[in-house]
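J.: I have a structure I would like to understand better, so I am pasting it below and will then ask my questions one at a time.
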Amino acid sequence: MTTPHTTGKYFLFSRSEGEIFLGRAIDETLDGRLPLEGKSFCITSQGTFAAKPFRTRIDIAETDIPHRIEHPDAIDEAEALLTRSVTIVHRTNFPLLFRWFQAGKAAPAARTPVVVANPFAHIFRGFETNAELFRRALFAAPQVRSTRELDRLTELEGDLVIELGKVTNDVAVRFNAIVAGDVELTGFFEQLGAGGITVTNGGVGGWTFAMARLFEAKSWARGRGKVHLVRDVNTLAKEGIGRMNDVLLEHAGALDTLITETFAQFGIEAETWGEISPFATYTMPMPGRSLQESAEPEVPLGASAI
């Protein structure tokens, strides 16, 4: 259902990153979303608000309840901010909006860090555990008089770490290229730094942190209606997850074959950790629907089971 009489009106909205967005409605509310075009403002160390240099279009969810500006003097201030080359908002030049900016800045709760779990870590630990149990079984078997099997095991362990690192590094380089292609996204990550991201369940060569950065970029792009960025990040994450899954599958299978053949050759009876537990899907922790389902369906970032 369309809600009339919103086009051309001015709204204030508190962003999740602690920003204040001032925008003009460029269309009516449709399907629970209000399209706005305007500027973002961040508080400075001097207590004023600095405007970001780029105009941005965002779609505000109806549940977010932006503040509609109705005071005539405040409307004049909003028009001046959006039509003139104004970079700083302080109490003397924009008294009404400055007060509302302050109220909006204090309203949102503190930014919640992104916590990213890593399902690959469970499989990786399973590989390491099986490899260690296999090594101990060989040490304890007097009939094993060669280092050939131990050498093969060490080579397999090292190769797994190298291959996982290669996938992570490639994802990082390609992601940096995506970030560099969008000036606003670059600025967002410069402000974010390494804060706001908490990595859990092991790093696996930096993979978890890399996925956390992709999640931040996808969340940022989605909030600003940048469908192409959401699509690019989705594609990169899906390819990276598939490659990680393939590397783990290949090395887990090679380790299982090595253990089975060696135990049969030397008549060793021992138990390993067991079958490495598979997972069916791995989805970036991004709740909600896609920006534009007809053009950009939510891509399930799945990986085949190991």
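The values are calculated or read from the model by the stated rules, or taken from the named source; none is laboratory data. What you see is a predicted model; the values in this text were computed from it and never measured. Reconstructed Cβ throughout: ideal geometry from the backbone, glycine too, with neighbour counts over all protein chains shown.
J.: Confirm whether residue 258 is among the hydrophobic types (A, V, I, L, M, F, W, C), assigned by TED's automatic domain parsing to the domain that holds residue 217, modelled with pLDDT of 90 or more and farther than 30 Å from residue 58 by Cα.
T.: Here the answer is yes, as residue 258 does meet what is asked.
J.: Does the range 165-199 hold any residues that are modelled with pLDDT of 85 or more, surrounded by fewer than 18 Cβ atoms within 10 Å (Cβ to Cβ) and more than 14 Å from the chain's Cα centre (by Cα), and which are they?
T.: 165, 166, 169, 170, 173, 174, 177, 180, 181, 183, 184, 186
J.: Right, residue 232: over 15 Å from the mean Cα position of the chain (by Cα) and of a type in the set (Asp, Glu) or not?
T.: no
J.: Can you report the number of residues in the range 121-145 which are small (Gly, Ala, Ser) and part of a helix (DSSP H, G or I)?
T.: Residues that pass the stated criteria total 4.
J.: Still on this structure, please answer the following. Among the listed residues 206, 225, identify the single one that is touching a Leu at 6+ places or on another chain (Cβ under 8 Å) and either at pLDDT below 85 or under 22 Å from residue 180 (Cα atoms) (or both).
T.: Every option except 225 fails the conditions.
J.: Please go through the range 23-71 and pick out each residue that is among the β-branched types (Val, Ile, Thr), at pLDDT 80 or above and more than 20 Å from residue 96 (Cα to Cα).
T.: 26
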